[in-house]
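Let me begin by presenting the structure, written as structure tokens, before commenting on it.
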Amino acid sequence: MILLCLVQFMLVLDDTVVNVALPSIRDELGFSPSGLPWVVNAYFLAFGGLLLLCGRMADLLGRRRVFLMGVALFGVASLACAIAQEPWQLVVGRFVQGAGAAMASPAAMSMITLLHPGREERARALGIWGGIAALGGTSGLVLSGALTELVSWRGIFLINLPIVALALALLPRLLPESRAPGQRHLDVPGAVLVTGAAVSLVYGLLRASETGWSDLIVVGAVGLSAALAGAFLTAEWRSTAPLVPMSFLASRTRAIANVATLLFSMAMYAMAFLLMIQIQTVLTYSPLLAGIAYLPYGAGILAGMWLSSRVSVRIGTRWALLLAFLINIVGLLLLSGLAAGDSYVTHVLPGMLVLSVGNGLSLPVLAVTAVDGTTDKDAGLGSALFTSVQQIGGAIGVAALAILGYSGGLTAGAVCLALGAVLIVIALPRPDHRARPSAGRGADDRSVPSAAQT
């Protein structure tokens, strides 16, 4: 359990670890303004686009085997990132890192559920798992700042190698192999199509920031994305073992939750990208000071997560989500006015604290709503889809909102959240708790609290 959580810490840390180092990476490797977001997006796209496929691969080929393959791939890619001399080398390394994370993360989660078969025991274990993930996201910013300033930005990738070596050496001795019974098929075409659609869309958005929307390459990239998305839906409809069965999204609650998660992730990942650059380039903070400045954000997220279940029980999921989104909108608007000469205490900290509490309120409720009504057969699918939507939404947000500049990007993020709030009020059904008092107590429903915790 400790080893698996340590690896998860590493994988989530790499979601955010490059943010503080971006100005240093830009200056040393010579990234263009539209090329720099690919350092972040390449990881998001590979992680989110391949997550569902790799989760099924772990079931078919063996969870321990796929986990070790993913960790090894992640380690090799981390080394490649650390020694990159050209922008394209770093972007390719980040994409391969994301592919390794997509293999390792769902396999690790499956092994944790097998280690803790009891319902309450499993919920506690995945609660720790989720806490470690939140800690990894915040720690990535602090570690990135310290290593970038005291050593080099290359150190943010080299710190992965000891954890990779430890996992590869110890896990085969600690856990037996396991795989799901029965014949399973991998929907490789579906994974390729959905990942290709996301990559093409992000490329078109980033190129449009330099050449404008009249550029034929931009039009072609966005058109190709739409065509690939259509092909994905057609392939999923015809496939005997689709990545996401259409019947799964027939639930309006789950469908709305995932759309709201997409909008939320677009706003929040773009904010993290833009705020770190603004703090270092406009407020002239050093990388280390920028990382330390972000520490209250982690504390606010933990406070919001602690409040989340209590608020949901008191006012219901629908209104809890609406409240959380409104708090996030206020936080984004407070931060959007940050300019040169502003102080941290009066201009950065208030918006950061409001936004972090809103984030902490949002994430657990979105996760629970995204797996609403799932059973032991599809709770894992619900969790994997939720994570995929987060990663792909983050990539689209960084591409689409970052090109608007700092203030414009954060304001656009607030608009995304406002759309999400309207969608929640209009379309999210109000659950009837009295109709399902014992839904989570049966033997066939033991995975539901695990998915919600995740």
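The values are calculated or read from the model by the stated rules, or taken from the named source; none is laboratory data. Please read these numbers as outputs of a predicted model, since none were measured by experiment. Glycine also receives a Cβ, built like all others from the backbone with ideal geometry; neighbour counts cover every protein chain displayed.
If you go through segment 301-342 and pick out every residue that is without any contact (Cβ under 8 Å) to a residue 40 or more places away in the chain, over 20 Å from LEU263 (Cβ atoms) and not aliphatic (A, V, I, L, M), you end up with 3.
Every residue, every condition in (1) over 15 Å from ALA257 (Cβ atoms); (2) at pLDDT below 80; (3) surrounded by fewer than 20 Cβ atoms within 10 Å (Cβ to Cβ), yes or no:
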residue	(1), (2), (3)
GLY394	yes, no, no
ALA399	yes, no, no
SER407	yes, no, yes
VAL415	yes, no, yes
LEU419	no, no, yes
VAL425	no, no, yes
ARG434	yes, yes, yes
PRO437	yes, yes, yes
ALA451	no, yes, no
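Would you confirm whether or not segment 90-103 contains a residue that is farther than 14 Å from TYR43 by Cβ, assigned by TED's automatic domain parsing to the domain that holds ILE163 and at pLDDT below 95? No, that holds for no residue. The lone criterion from (1) touching a helix residue (DSSP H, G or I) at 6+ places or on another chain (Cβ under 8 Å); (2) loosely packed, with under 14 Cβ neighbours inside 10 Å left unmet by ALA340 is number (1). Under the condition of being buried (at least 23 other Cβ atoms within 10 Å of the Cβ) and free of Cβ contacts under 8 Å to residues at least 40 places away in the same chain, the residues counted in segment 266-300 number 0. Remark: pairs (first residue in segment 70-90, closer than 13 Å to MET10 by Cα; second residue hydroxyl-bearing (Ser, Thr, Tyr) and modelled with pLDDT under 95; Cβ separation under 8 Å; 6+ apart in sequence or on different chains) = GLY70/SER105. Is it the case, given these coordinates, that ALA221 is in contact (Cβ under 8 Å) with a residue 24 or more places away in the chain, of a type in the set (A, V, I, L, M) and buried (at least 20 other Cβ atoms within 10 Å of the Cβ)? No.
Here's the yes/no breakdown for (1) under 24 Å from ALA414 (Cβ atoms); (2) outside the structural domain of VAL357 (by TED's automatic domain parsing); (3) of a type in the set (S, T, N, Q); (4) in a helix (DSSP H, G or I):
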position: GLN280; (1), (2), (3), (4): yes, no, yes, yes
position: THR284; (1), (2), (3), (4): no, no, yes, no
position: PRO296; (1), (2), (3), (4): yes, no, no, yes
position: ALA303; (1), (2), (3), (4): yes, no, no, yes
position: SER309; (1), (2), (3), (4): no, no, yes, yes
position: LEU321; (1), (2), (3), (4): yes, no, no, yes
position: ALA324; (1), (2), (3), (4): yes, no, no, yes
position: ASN328; (1), (2), (3), (4): yes, no, yes, yes
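Within segment 244-265, if we keep just the residues that are modelled with pLDDT under 85 and in a helix (DSSP H, G or I), the residue that is surrounded by the most Cβ atoms within 10 Å (Cβ to Cβ) turns out to be PHE248. The requirement of being modelled with pLDDT of 95 or more, surrounded by fewer than 20 Cβ atoms within 10 Å (Cβ to Cβ) and either farther than 21 Å from LEU174 by Cα or among the charged types (D, E, K, R) (or both) is fulfilled nowhere in segment 112-132; no residue meets it.
Residues of segment 392-411 that are of a type in the set (A, V, I, L, M, F, W, C) and free of Cβ contacts under 8 Å to residues at least 40 places away in the same chain: LEU404 alone. Provide a single number: the residues in segment 33-67 that are farther than 20 Å from PRO242 by Cα and either at pLDDT below 80 or assigned to a loop (DSSP other than H, G, I, E, B) (or both). Final tally of qualifying residues: 4. Selection over segment 19-39 of residues that are closer than 16 Å to GLU86 by Cα and under 16 Å from the mean Cα position of the chain (by Cα) gives a count of 3.
Checking ALA221 against (1) small (Gly, Ala, Ser); (2) in a helix (DSSP H, G or I); (3) out of contact with any Lys or Arg (no Cβ under 8 Å at 6 or more places or on another chain), which single condition isn't satisfied? That leaves (3) as the condition not met. Out of segment 376-387, which residues are of a type outside the set (Val, Ile, Thr), at pLDDT below 80 and in a helix (DSSP H, G or I)? Those that are of a type outside the set (Val, Ile, Thr), at pLDDT below 80 and in a helix (DSSP H, G or I): ALA379, GLY380, LEU381, GLY382, SER383, ALA384.
Inside segment 188-215, residues that are among the aromatic types (Phe, Trp, Tyr) and not in a helix (DSSP H, G or I) make up a count of 1.
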